[in-house]
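A quick write-up on the structure given underneath.
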């Protein structure tokens, strides 16, 4: 029996995730990590690109930097909530902004979770697993 169980792998559903960060290295690194975990990932480096990608790609969750140039992450979140294709997506701020005022602004903008950088991979994976199952 134990030999039979070794061949069984737990399969988790592939999720459609969008990473938005103006730091290209951060966006690409996070995207690679999420892909290693088995998810489909798109990324954008600014607010307008994030909205366009979300509209076309319909992500289940969006990982959103707040400190974006031009259109900040709060405005991106508000606009995502207006898009039928992203209205129900889980919005997760991953940001260097960690004061209570920042968290309040996140909630007001429609962001579901506010994580402060650097985020431990295990914490990120646990959040994804709990939110998207």
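Values computed for the structure shown
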read-out: Sites residue 28 and residue 87, calculated FRET efficiency, Cβ-Cβ separation with R0 35 Å, nearest 0.05; value: 0.80
read-out: Rounded to 10°, Cα long-axis angle of helix 24-36 versus longest principal axis of the chain; value: 30 degrees
read-out: Nearest 10 degrees, 0 to 90: helix 73-82 Cα axis against the chain principal axis; value: 80 degrees
read-out: P(r), alpha carbons of segment 63-133 - 10 Å bins starting at zero, rounded %; value: 21, 52, 26, 1
read-out: Cα-based helix-to-principal-axis angle, 100-109 vs the chain, degrees rounded to 10; value: 90 degrees
read-out: (1) 1.03; (2) 1.11; (3) 1.26, with the label sought being that of the calculated Cα Rg over 2.2 N^0.38 Å; value: (2)
read-out: Potential lengthening between residue 57 and residue 99 on full extension [0.36 nm per residue; Cα-Cα distance subtracted]; value: 11.9 nm
read-out: The chain: calculated mean residue ellipticity at 222 nm from DSSP helix runs of at least 4, using -39500 (n - 2.57); value: -13000 deg cm²/dmol
read-out: Label point distance in nm, residue 119-residue 46, each placed 7 Å from Cα along Cα→Cβ; value: 2.4 nm
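Read-outs: derived from the displayed coordinates by stated rules, not from any lab. Quantities reported herein were computed from a predicted structural model and do not represent experimental measurements. All Cβ positions, even for glycine, are placed from backbone atoms using ideal geometry, and neighbour counts span all protein chains on display.
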